[in-house]
Amino acid sequence: MTKRENQRRREREFNKFQERNNKFQDRRDDRKEKNNASNESMREDLIIGRNAVIEALKSDRTIECVYVSKGDLEGSIKVALGLAKDKGVVIKEADRRKLDTMCDGLNHQGIVARVTPFKYCEVNDILEDAKRKEQQPFIVILDEIEDPHNLGSIIRTAEHGIIIPKRRNVGVTSTVYKCSAGAIEHMKIAKVTNINATIDMLKEQGIWIYGADIDGKDYSYNTDFSGPCALIIGSEGKGISSLTLKKCDLLVKIPMIGKINSLNASVAGGIMMYEVLKGRLTK
């Protein structure tokens with residue numbers, strides 16, 4: 001085989017490899033689009049799990065009906081049913097398979113509540129709530145968080161309120177309720193059309209904007225969070241978008257040791273939020 005023939009053979013093999021790789025990438029992108037579409041269609045009118053339902057019943061939420069699995073009336077479910085009866089909420093026994101179908105296979109622990117969809121607030125409501133408590137506002141801004149488990153975990157740690165975009169961000173779904181363990185009933189969440197315009201508005205209110213980013217200038221433990229502030233947490237894969245990154249007054253990073261140089265969004269958010277709390281308690 002001549003040198004030219006060898007070169008042509010290598011070119012053919014490389015082209016075949018590229019073609020297979022492109023097909024694999026297309027299939028992966030298709031799966032990602034389907035998952036995103038599934039996230040967008042998740043119901044916001046169901047609360048699943050014992051703790052989440054109990055907290056919803058204790059709150060001022062309008063609960064239309066509580067479904068309980070037939071024969072599953074022990075433990076904390078008794079507490080939930082007692083609260084439902086006190087509030088005059090309709091209680092229906094249902095086959096466990098029906099609950100599985102309603103919850104799309106998620107672990108409902110034998111109880112599901114159907115509610116009016118979550119009532120989002122305005123950004124000014126979050127600021128007014130902090131003012132009423134005579135505290136410096138601390139707001140968490142989520143930039144395209146798509147995993148409901150991450151949103152639920154962040155809700156359990158946040159202080160005054162959370163801001164999320166209307167597009168490319170998970171809303172308050174039944175999974176979010178369950179992961180927040182009922183904390184969502186005590187959290188103000190604003191859904192806005194334009195995150196960057198909202199950041200500009202917050203800056204006009206004297207709020208300092210911090211971004212959690214691996215390329216941050218300062219470490220979280222050295223940063224002064226004592227004044228009114230907002231913390232931006234980026235998406236699970238891409239982090240904070242480039243335009244939003246430019247809006248930050250300061251980029252802050254978490255010290256990392258070892259080969260893994262990134263954290264899950266809710267873990268990173270939890271660490272940063274506790275740094276804010278620690279800084280305020282020690283002042």
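Each value in this text was obtained by applying a stated rule to the coordinates, not by laboratory testing. No experiment lies behind these values; they were computed from the predicted model shown. Please note: Cβ atoms are built from the backbone with ideal geometry, for glycine as well, and neighbour counts cover all protein chains shown.
Observations
- Charge dipole (Cα centre; +1 on Lys/Arg Cβ, -1 on Asp/Glu Cβ; no other charges) of the stretch 123-281 amounts to roughly 160 debye.
- Residue among CYS103, ALA52, VAL90 farthest towards the positive dipole end of the stretch 46-115, charges placed on Cβ: VAL90
- Relative compactness, the stretch 123-281, computed as alpha-carbon Rg over 2.2 N^0.38 Å: 0.95
- Over 22 Å (Cα to Cα) - which of LYS70/LYS98; LYS253/LYS278; LYS133/LYS246 fall in this group: LYS133/LYS246
- GLN205-ASP129 pseudo-label distance in nm [points 7 Å out on the Cα-to-Cβ vector]: 1.2
- Percent of beta bridges antiparallel (DSSP, the stretch 123-281, rounded to nearest 5): 5
- The slack between LYS98 and GLU74, meaning 0.36 nm per residue of separation minus the straight C-alpha distance, is 6.7 nm.
- Estimated FRET transfer efficiency (LYS217, ILE271; beta-carbon r; R0 25 Å; 0.05): 0.90
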